[in-house]
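Quick notes on the structure that follows.
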Amino acid sequence: MEYNPNQAMRRQLIFSISIATFLLIATIGLVSYGRGYRFNFNGGKPDFLGTGLLVVTSKPDGAQVFVNGHLTTATDNTINLSPGDYTIRIFKDGYFPWEKKIKIQKEVVAKTDALLFPTAPKLESITNSGVRKPILDPSGTRLAYAEASQSARKNGIYILDLSTRPILTLQSSSQQITDDTADQFSNSNFSFSPDGSELIATTSAQTSYLLDSRTFNASPRDVTATLASVDFSWNKEKSDREKAIMDSLTKELRKLIQDNFKVLEWSLDNSKVIYQASTSAQLPIVINPRLIGTNTSPEQRKLDKGGIYVYDVKQDQNYKVDVKQPQNLHFFPDADHLIYVADQKIDIMEYDGGNRTTIYAGPFEDSYAFPWPDSSKIVILTNLGNPTIAPNLYTIVLK
């Protein structure tokens with residue numbers, strides 16, 4: 001057969017076009033798959049459906065994931081779901097279950113990051129000599145407390161750095177910053193400066209001292225005569241910090257907060273704020289169009305004066321939190337959860353008020369409950385129900 005170069009070129013061209021077409025279709029298919037599209041043969045006829053993705057994670061991982069009551073997978077995994085509302089339940093033996101309603105949208109990735117708490121948390125002691133009036137510094141990493149049951153040189157004020165890893169045990173992790181040789185610091189009232197570097201300690205004789213919280217104070221500085229000046233300086237520093245947060249926001253956000261919020265607490269990363277509504281109002285939409293892939297829990301943008309809410313600055317979402325003692329409501333270090341201490345119970349919930357879990361209901365003193373910086377523990381003050389002994393610091397181990 002005589003070789004025909006034109007036919008050979010045509011065959012080569014057809015082959016090249018076929019390969020290019022195949023690669024194009026494959027690429028479109030992969031992109032569509034990544035965006036959640038799936039083929040479905042309904043009644044024998046192919047149907048190209050658009051779905052959404054649900055990424056399910058948990059801490060600890062390896063938990064069971066139920067979708068509308070059906071065991072579907074385990075964390076950490078990704079599930080393709082048709083658009084709609086779903087009840088997602090995450091369960092692991094030995095932990096409280098996690099449950100939430102999730103809205104799945106076409107071509108949108110939804111996420112569930114479930115923080116699971118043990119049903120029988122361990123208690124570990126930090127101190128054993130009796131502790132008074134523990135307070136947490138503004139950074140949430142250092143705990144100050146007083147000891148009064150030992151000798152004058154061992155009594156005084158101590159600092160426990162929650163951000164360090166102890167070489168041996170937590171009982172050896174505290175640093176004494178003053179003792180009772182100069183005055184009765186073990187029976188004083190004390191408070192941190194806005195940056196946590198100093199403390200004011202006021203003794204029963206109404207003498208006030210300025211203490212460096214990072215070292216031992218051999219000669220505490222008496223600031224009784226200039227206490228008003230120190231207070232003014234600290235209040236200004238606190239005001240400047242709050243102003244810096246507000247100045248970092250857009251004009252619309254600043255107006256929304258100034259018009260409607262009595263700020264109770266900012267999260268450590270300044271992404272969310274706990275506030276009391278200063279007026280009854282309808283919160284305006286600041287971010288429009290609304291962001292996709294955000295928290296799908298129903299918002300509450302109609303404010304009732306005096307109500308307690310959490311506002312997500314980055315996502316422009318607002319949620320009401322039902323608590324009776326707002327002064328005992330604080331952000332968890334991860335900013336995605338809240339800790340609430342009331343009625344001799346410690347509750348942890350998501351910032352939108354969901355999955356409220358009582359993690360501890362045993363005996364402890366007043367509202368002394370402080371989260372560890374990595375969210376792995378809660379520090380409490382308790383005598384474990386024994387009235388004959390002084391209370392000590394214990395950790396409730398959550399991981």
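The figures follow:
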| item | result |
| --- | --- |
| Share antiparallel - DSSP beta bridges, the chain, percent rounded to 5 | 95 |
| Amide H contacts under 5 Å for residue 294, placed H, 5+ residues apart | none |
| Helix-only CD estimate at 222 nm, as mean residue ellipticity for the chain, using -39500 (n - 2.57) per DSSP H run (n ≥ 4) | -5500 deg cm²/dmol |
| Accessible carbon and sulfur surface of the chain relative to its total accessible area, %, 1.4 Å | 53 |
| Nonlocal amide H pairs with residue 73, under 5 Å, H built at 1.01 Å | 65 |
| Student exercise, the range 100-252 dipole from Lys, Arg, Asp, Glu Cβ charges, in Debye to nearest 20 | 800 |
| Farthest positive-ward along the range 206-327 dipole, Cα basis, beta-carbon charges - from 311, 223, 245 | 311 |
| Chymotrypsin sites (Phe, Trp or Tyr not before Pro), loop per DSSP, at most 14 other Cβ atoms within 10 Å - longest free stretch of the chain | 4-215 |
| Options 258, 292, 359, ranked by Cα towards positive dipole end of the range 251-361, top entry (Cβ charges) | 258 |
| Tensor-based shape of the range 169-247 (alpha-carbon gyration tensor, a/c under 1.5 rounded, otherwise prolate or oblate) | oblate |
| Candidates 140, 362, 353: whichever shows maximal mean-square fluctuation once the chain is modelled as a Gaussian network with Cα springs under 10 Å | 362 |
| Loop-resident sites, the range 238-320, for GluC sites (Glu not before Pro), counting at most 12 other Cβ within 10 Å (DSSP) | none |
| Cα long-axis angle, helix 227-247 against the chain (0 to 90 degrees, to the nearest 10) | 10 |
| Hits among lysines - C-alpha to C-alpha of residue 302 under 25 Å, sequence gap 8 or more where chains match | 100, 101, 103, 251, 255, 262, 272, 314, 320, 324 |
| Average accessible area per residue (Å²) across the chain - probe 1.4 Å, nucleic acids and ligands excluded | 54 |
| Net dipole in debye of the range 282-399 [+1 Lys, Arg Cβ; -1 Asp, Glu Cβ; about Cα centre; nearest 20] | 180 |
| Selection of trypsin sites (Lys or Arg not before Pro), the range 223-318, meeting DSSP coil and at most 15 other Cβ within 10 Å | 290, 305, 314 |
| About the Cα centre, charge dipole magnitude for the chain (Lys/Arg +1, Asp/Glu -1 at Cβ), debye | 1260 |
| Dipole-positive endmost among 119, 150, 140 within the range 112-155 (Cβ charges, Cα centre) | 150 |
| Tilt relative to the chain, helix 251-260 - C-alpha long axis, 0 to 90 degrees, to 10 | 50 |
| Between 0 and 90°, nearest 10: helix 5-34 axis offset from the chain longest Cα axis | 30 |
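The values are calculated or read from the model by the stated rules, or taken from the named source; none is laboratory data. From a predicted model like this one, the values you see are computed outputs, not experimental measurements. Don't worry about glycine lacking a Cβ; one is built from the backbone with ideal geometry, like all the others, and counts go over all protein chains shown. The area values use the complete protein model at the heavy-atom level, side chains included, leaving out ligands, DNA and RNA. Shrake-Rupley method; radii C 1.70, N 1.55, O 1.52, S 1.80 Å.
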